[in-house]
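Asks: Questions regarding the structure given below will be posed in turn.
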Amino acid sequence: MRKDGRAKSELRPLQIERGYLRSAEGSALIKMGNTHVICAATIEQTVPKWMAGRGRGWVTAEYGMLPRSSPKRIVREAVRGLSGRTYEIQRLIGRSFRAAVNLKNLGEVTVVVDCDVLEADGGTRTASITGGCVALYDALSHLGFTEHPMDFLVSAISVGIVDGEVVLDLDYDEDSTAQVDLNLVMAESGTYIEVQGTAEGFPFSHDQLLEMLDIGRRGCAQLVEAQRVALAKG
């Protein structure tokens, strides 16, 4: 049993509120335990210069943590510049969404998904992907295609080895002491989009990797079900 009473394969309390922002083409507030992220998707009738004239669309993401999303104030990146961590997370989120969208059918349209962390308690990048997917789906619905250009939903979850045990959906305390940290991004079908795993304390075995993938796969299946429920409302 973990500090918060969860079983090792149990998600934190999960809530996805669709349409959280009135002005955005698509938006969602996702809460996974004490990690809260606002996700907003914006449609722009243009593409990056290097894509112009190809007739293809683009999906990208921006990610940031509000100054008091953590116990110690974070200086705004607009002031200090984009950190390597933020840049890497933005690229992960963007890649995850592009895997799910038929860019050829979008025309020369860009969708920007902004993920802003209100409260950080571990798993902010994975929560951004899971909540941002709902915002992206709604934004793409505004384009009026007969067939929705998003081929499938995308979810993401953290898995790790803490005190020798494989556990799902790590909070900050668990993540900061984990011997292994793994982030898993999956398609709705249960196929993999991205796997990021790092040994923080000691190397992990093949069997441990399989266990982490299995527990993560089951966690992502629960997240997809929550996405479906959110998208069925309103």
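Asks: With respect to Asp175, determine if the residue is among the acidic types (Asp, Glu) and surrounded by fewer than 21 Cβ atoms within 10 Å (Cβ to Cβ).
Replies: yes
Asks: From the residues in the range 12-24 that are out of contact with any Lys or Arg (no Cβ under 9 Å at 6 or more places or on another chain) and either surrounded by fewer than 15 Cβ atoms within 10 Å (Cβ to Cβ) or of a type in the set (A, V, I, L, M) (or both), which one is nearest to Glu165 (Cα to Cα)?
Replies: Leu21
Asks: Report, by residue number, each residue of the range 82-103 that is outside any helix (DSSP H, G or I), open to solvent by 30 Å² or more (accessible area, probe 1.4 Å) and small (Gly, Ala, Ser). Outline the logic, then answer.
Replies: Filtering the range 82-103 for residues outside any helix (DSSP H, G or I) gives 82-83, 99-102.
Going one step further and asking which of them are open to solvent by 30 Å² or more (accessible area, probe 1.4 Å), we end up with 82-83, 99, 102.
Listed by number, the residues that qualify are Ser83, Ala99.
Asks: Would you pick out the residues in the range 197-208 that are in a helix (DSSP H, G or I) and buried (at least 16 other Cβ atoms within 10 Å of the Cβ)?
Replies: Across the range 197-208, the qualifying residue is only Gln208.
Residues checked against (1) touching a Pro at 6+ places or on another chain (Cβ under 8 Å); (2) closer than 17 Å to Arg12 by Cβ:
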{"site": "Leu136", "(1), (2)": "no, no"}
{"site": "Leu140", "(1), (2)": "yes, no"}
{"site": "Ile161", "(1), (2)": "no, no"}
{"site": "Asp175", "(1), (2)": "no, yes"}
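Asks: Now, a different point. Which residue out of Ser27, Ser9 is crowded, with 21+ Cβ neighbours inside 10 Å and modelled with pLDDT of 95 or more?
Replies: Ser27
Quick grid of which residues meet (1) modelled with pLDDT under 95; (2) not hydrophobic (A, V, I, L, M, F, W, C):
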position: Ala139; (1), (2): no, no
position: Asp163; (1), (2): yes, yes
position: Thr177; (1), (2): yes, yes
position: Ala187; (1), (2): no, no
position: Arg218; (1), (2): no, yes
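Asks: Would the range 128-143 turn up any residue that is touching a residue at least 60 places away in the same chain (Cβ under 8 Å), under 21 Å from Arg2 (Cβ atoms) and not in a strand (DSSP E or B)?
Replies: yes
Asks: Given (1) buried (at least 17 other Cβ atoms within 10 Å of the Cβ); (2) part of a strand (DSSP E or B), identify the lone condition not met by Leu231.
Replies: Of (1) buried (at least 17 other Cβ atoms within 10 Å of the Cβ); (2) part of a strand (DSSP E or B), only one is false for Leu231: (2).
Asks: Collect the residues in the range 30-71 that are among the β-branched types (Val, Ile, Thr) and open to solvent by less than 60 Å² (accessible area, probe 1.4 Å), keeping them in residue-number order. Show your work before the answer.
Replies: Initial filter on the range 30-71 (among the β-branched types (Val, Ile, Thr)): 30, 35, 37-38, 42-43, 46-47, 59-60.
Of everything in the range 30-71, those that are among the β-branched types (Val, Ile, Thr) and open to solvent by less than 60 Å² (accessible area, probe 1.4 Å) turn out to be Ile30, Thr35, Val37, Ile38, Thr42, Ile43, Val47, Val59, Thr60.
Asks: Which one of the conditions (1) surrounded by fewer than 15 Cβ atoms within 10 Å (Cβ to Cβ); (2) assigned to a loop (DSSP other than H, G, I, E, B) does Leu170 fail to meet, given that it meets all the rest?
Replies: For Leu170, the exception is condition (1).
Asks: Please determine, by comparing only the residues of the range 178-196 that are part of a loop (DSSP other than H, G, I, E, B) and in contact with a strand residue (DSSP E or B) (Cβ under 6 Å, 6 or more places away or on another chain), which one is least open to solvent (accessible area, probe 1.4 Å).
Replies: Here the residue is Ala178.
The values are calculated or read from the model by the stated rules, or taken from the named source; none is laboratory data. If you're wondering where the values come from, they're calculated on a predicted model, not measured in any experiment. Reconstructed Cβ throughout: ideal geometry from the backbone, glycine too, with neighbour counts over all protein chains shown. Quick note on the areas: whole protein, heavy atoms, side chains included, nothing else; ligands and nucleic acids left out. Shrake-Rupley method; radii C 1.70, N 1.55, O 1.52, S 1.80 Å.
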